[in-house]
Amino acid sequence: MAVAVVIMLVDSHCHLDLIDLAPYQGDISQLLTQAHEAGVESMLCVSIDLESYPRMLGLVEGRRDVFVSVGVHPNDRDRHEPSPEALAELAAHPQNVAIGETGLDYFREDGDMRWQQERFRCHIRAAKLAGKPLIIHTREAREDTIRILKEEGADEVGGVLHCFTESWEMAQAGMALGFYVSFSGIVTFKNADELRDVARQVPLDRMLIETDSPYLAPVPHRGKPNEPKYVGKVCELIAELRGIEPEELARITRDNFYRLFAAATPPA
Ligand SMILES: [Zn+2]
């Protein structure tokens, strides 16, 4: 008799508060039930600004299967600027496991980027104050991202280079500072050969998987709204690249998640 294999996935990066809940009658617990039915044990709901943070927290507060972060995304200049102390204070919430997302994005913004760099430094200082890891968004800003992580001593707290789309050299530089590398549904896209090459090389004990939902739905859902329940597609694709079973990659990336985000405990 065949033994049913139970897959246990973690979605290490999603934005639950940005997902349209209309298909679920506005009820997030229905969306989360579907994620559990797809093998998703827990997820990390990532903050993008302080204006939306209270609503985001309110949506998931008290749930054991959803962890949260706090931070201000680098893509929007016109946001309330945090202080390290204010972020660290918000990070004291019992569901909080990380600071972010933060980082540098020279693809979507241009001109004088000092404001972005200052905001990034603020988050690294907050992470050190809070003793929690960083969730890093980095796009077309390789040298400055690594330089600032080094200058601010981010290796003290570590973190993850999330939704990774950069080079193998960048991945190595991040890992040298103690960071993990997280792959999203982009790795399933037809034109992502270079990224798949990176996913073949990142040591398995440094790898995370994520949806970044509601963005970047993996193939075969590409172009549709993304949800945590699709993280299994990312898992299957990378498992195939690495020549291991999806269950094995799920187990490894789940272990990595709870090791990195030490304040997160698996829901009973
Ligand atoms: Zn994100």
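Bear in mind that the values in this text are calculations on the coordinates, not laboratory data. Please read these numbers as outputs of a predicted model, since none were measured by experiment. Counting neighbours? That spans all protein chains shown, and the Cβs are built from the backbone with ideal geometry, glycine included.
Please work out how much length the chain gains when fully extended from ASN191 to HIS93, using 0.36 nm per residue of separation minus the C-alpha to C-alpha distance, in nm with one decimal.
The span from ASN191 to HIS93 would gain 31.3 nm if fully extended.
Show that you can apply the helix-only estimate: for the chain, add -39,500 (n - 2.57) for every DSSP H stretch of four or more residues, divide by all residues, and state [θ] at 222 nm to the nearest 500.
Value at 222 nm, helices only: -11000 deg cm²/dmol.
Roughly how many nanometres apart are two label points built 7 Å out from the Cα toward the Cβ at GLU118 and LEU177?
Result for the modelled spin labels: 2.0 nm.
Quick one: if you stick a label point 7 Å off each Cα along the C-beta vector at ILE244 and ARG222, how many nm between them?
Modelled inter-label distance: 2.6 nm.
Arranged by the count of other C-beta atoms within 10 angstrom, fewest first, what order do VAL181, VAL219, VAL46, VAL6 take?
VAL6, VAL219, VAL181, VAL46
Between VAL6 and GLU169, what is 0.36 nm times their sequence separation minus the Cα-Cα distance? Round to one decimal in nm.
55.1 nm
How long is the gain from GLU61 to GLU37 if the chain were fully straight, where each residue apart is worth 0.36 nm and the alpha carbon distance is subtracted?
That pair, GLU61 and GLU37, stretches by 6.5 nm at full extension.
Most fluctuating residue of THR165, THR145, THR33 in a GNM of the chain with Cα springs under 10 Å: which is it?
It is THR33.
Separation between the LEU204 and ALA22 pseudo-spin-labels, each 7 Å from Cα along Cα→Cβ, expressed in nm?
4.3 nm
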